[in-house]
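K.L.:
One structure, pasted below without further comment.
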Amino acid sequence: MTVVTLLATAPFDFDASLAFVGGFAPTRGEQDAGDGRLRTALRAAGSTVLATVAPADGGVQASLRADGPVGPAAASAAAERIAFWLSLDDDLEPFYEIARQDAAFGPVVERLHGYHQVKFASPWENVAWAILAQRTPMPVAQRAKQALIEHVGNRLDADGRTWWAFPDAEQVAALDLAVVRDVVGNERKGAFLHESALRWTTLDERLLRTAPYDTVRDLLLGLPGIGPWSASFVMIRGLGRMESVSADREMLRAATRVYGHPVDEAELSELATPYGTWAGYWAHYLRASS
C-alpha cells in the first residue's frame, strides 16, 4: 500500500465532499462514502488503483492499492487525479467574498461552507456520461455505463467487494465500434462514444484545464454527441472551468428555489454576473443546495 498526503486550500470540508458523492447519481454505487472515508477505483498511468481517501490535517490522506505494487508513476498520477477530482486547490475565499453581498445566496454558502466541487474523476468520464445520459432515463444511462465499465474490465477485489474503474479513452477507442454499440445498447450513442474516445486520445487534459474558455468549449463541441449543454456540463464538472453558467431547466429551478421567485434565463444571467469567473461555482452551489 502507498500513502500520499494531499493539501487542500482552506476552507475545506471533507464531510461536504462525502455528502455530495453520496447523492451524485452518475457515479452511484461506484464509490463508497461511508465511515468518513471515500473509496473509489480509478485509472492512473495505465493502472487500476483503489484509493481510500480520509481527512487529514490540512487536507486528505489517500491510501493506494493495486493488484501489484503501486509504482511511482501510478502513485503520482493517482495523487494528481484525486486532488483535481476533489478540487483541493480551489481557493474559495474570492467566491465567498462576492457571495457575502448576495443576501438570498448567503444561507447556501453557510450550509455548504468549505465544500470544494467534486468533479467527475476525469473529464473523459464526464464526456462519456454526457453522451450516454442524453434524452435517456437515469437508470438506463447508469446500466449502459456499468456495462461499458465491466466489459473493459478494470477491476479490483478488496474490502469484500469488486471495484470498477471507468475505462480510459484509449481503452474505449481500442474496442471495435460494433462492440461499443452492442455494450451500451444504442447504435447512435455507441458511435458517438467510440468516435469521441478516438478524438479524446489526441487532446491534452492539462491544456484543456487552462486554455482560453472559448477554445476549449469549441473543442468539446467538436466531439460527436456533445452539444452546447453537454459542453458546458463538461467544462464545469469535468474540467473545473467555472467562468460560465448554462441556463437549463434544473438550473432555473435551483435559482427559483433559492431566490424565492421565478427566475428566467435573463435574470439568471443578471444574478450570475457579479460572480464573474466564479459564476460556475455559484451555479454548482445552487444545484448542490437542494
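The values are calculated or read from the model by the stated rules, or taken from the named source; none is laboratory data. The structure presented is a predicted model; accordingly, all values stated were derived computationally and were not measured. Using ideal geometry, Cβ is built from the backbone for each residue, glycine included, and neighbour counts are taken over all protein chains shown. Just so you know, the surface numbers come from the protein's heavy atoms only, side chains and all, with ligands and any DNA or RNA stripped out. Shrake-Rupley method; radii C 1.70, N 1.55, O 1.52, S 1.80 Å.
K.L.:
Keeping all protein chains in position, work out how much accessible area E270 exposes to a 1.4 Å probe, and write it in Å² to the nearest 10.
P.N.:
Ignoring ligands and nucleic acids, E270 comes out at about 130 Å².
K.L.:
Next question, about the same structure. Going by Cα centres, region 219-282 and region 62-140 are how many Å apart?
P.N.:
Using only Cα atoms to place each centre, the spacing works out to 16 Å.
K.L.:
Another question, then. Using θ = phi - 60° and the Karplus form 6.51 cos²θ - 1.76 cosθ + 1.60, what ³J(HN,Hα) does each residue of region 69-78 get, whole Hz, x for Gly and Pro?
P.N.:
x, 8, x, x, 5, 5, 5, 5, 5, 5
K.L.:
Now a separate question. Report, to the nearest whole %, how much of the accessible area of the chain belongs to carbon and sulfur atoms, 1.4 Å probe, protein only.
P.N.:
Answer for the chain: carbon and sulfur cover 52 percent of the accessible area.
K.L.:
If you split all Cα-Cα distances of region 143-290 into 5 Å bins from zero, what percentages do you get per bin, shortest first?
P.N.:
The distribution over region 143-290 is 2, 9, 14, 16, 14, 14, 13, 10, 5, 2, 0, given as percents.
K.L.:
Okay, next question. Could you sort 239-248, 4-13 so that the peptide with the highest average Cβ count within 10 Å comes first and the rest follow in order?
P.N.:
Ranking the peptides 239-248, 4-13 by packing returns 239-248, 4-13.
K.L.:
Please compute the per residue accessible area over region 140-210 with all protein chains in place, 1.4 Å probe, rounded to a whole number of Å².
P.N.:
Result: 52 Å² per residue.
K.L.:
Pulled fully out, how much extra length does the chain show between L203 and A10, if you take 0.36 nm times their separation in residues and subtract their Cα-Cα distance?
P.N.:
Taking L203 through A10 to full extension adds about 66.3 nm, to one decimal.
K.L.:
So what's the convex hull volume per residue for the Cα atoms of the chain, in Å³?
P.N.:
Considering the Cα atoms of the chain, their hull volume per residue is 127 Å³.
K.L.:
Please compute the Kirkwood hydrodynamic radius over region 30-97, one decimal place, Å, based on all pairs of different Cα atoms.
P.N.:
It is 12.9 Å.
K.L.:
Please state the Cα pair-distance histogram of region 96-144 with 10 angstrom bins from zero: what percent is in each bin?
P.N.:
22, 28, 21, 27, 1
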